[in-house]
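Each remark here refers to the structure printed beneath this line.
The values are calculated or read from the model by the stated rules, or taken from the named source; none is laboratory data. As the structure is a computational prediction, the values presented were derived from the model and not from experiment. Here the Cβ is made from the backbone with ideal geometry for all residues, glycine too, and neighbour counts use every protein chain on show. In case anyone asks, the SASA skips ligands and DNA or RNA and just uses the protein heavy atoms, side chains included. Shrake-Rupley method; radii C 1.70, N 1.55, O 1.52, S 1.80 Å.
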Amino acid sequence: MEVFLIVCGVLLAVSAVAVSIPKLRLKGTAWTGLEARGLSGQQVRLIGVAELAGGIGVLVGLYWTPLGVVATVALLILLLCAIAFHARHGDYGNPDTRAVAMPPVYLAVLAVLASIGFVFAG
């Protein structure tokens, strides 16, 4: 179970940090897509900060399990909000925007798996 936790935790943390960087820098398709949907730069940066904090929390949680549980659950809530945001804008039904909307789904599954790993490791 420990190897499962480490693999899921590291994948989730690296992914969360990777998706946070364009939002923090306000660069790339993540920023332009969110801006087109009415989010301000400050709101997008706040999302990026939450993703970055979650990723760092998951990594630290590999050494201190309670933080890992909190970080994965917080990331899961953030990702569920992202899924709802994309669903509300019809991204999953539109072939042109579906590819952009799918990463939160994949990361939410990974967050659930990491949460399970943290619970059984603790």
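For region 17-32, putting each phi into the Karplus relation 6.51 cos²θ - 1.76 cosθ + 1.60 with θ = phi - 60° gives couplings of 5, 4, 7, 7, 4, x, 6, 5, 8, 6, 10, x, 5, 4, 5, 5 Hz, in residue order, rounded to whole numbers and with x for Gly and Pro. Per-residue ellipticity at 222 nm from helix content only, as computed over the chain with -39500 (n - 2.57) for each DSSP H run of at least four residues, stands at -27500 deg cm²/dmol.
With semi-axes defined as the square roots of five times the eigenvalues of the C-alpha gyration tensor, the equivalent ellipsoid of region 1-109 measures 26, 15, 11 Å, largest first. Here the Gaussian network model covers the chain, with springs between Cα atoms less than 10 Å apart; of L107, L78, L46, L46 fluctuates the most.
Dipole size of the chain about its Cα centre, with +1 on Lys/Arg Cβ and -1 on Asp/Glu Cβ: approximately 300 debye, rounded to the nearest 20. Using a Gaussian network model of the chain whose springs link C-alpha atoms within less than 10 Å, name the residue from P104, P95, P22 with the highest mean-square fluctuation. Ranking P104, P95, P22 by mean-square fluctuation puts P95 first. Here each label is just a point 7 Å from Cα along the line to Cβ, and for D96 and Y63 those points are 4.8 nm apart. For region 1-121, the share of accessible area belonging to carbon and sulfur comes to 73 percent (1.4 Å probe, ligands and nucleic acids excluded).
Measuring r between the beta carbons of T29 and V119 and using R0 = 30 Å, the FRET efficiency lands at 0.30.
Taking 0.36 nm per residue of separation and subtracting the current Cα-Cα distance, fully stretching the chain between V7 and C81 would add 24.2 nm.
Per residue, the accessible area of the chain comes to 56 Å², computed with a 1.4 Å probe over protein heavy atoms only. Remark: accessible surface ordering of R45, R37, R88 (largest first) is R88, R45, R37, probe radius 1.4 Å. In whole Å, how far is the Cα centre of region 101-122 from that of region 23-47? Between the Cα centres of region 101-122 and region 23-47 lies a distance of 24 Å.
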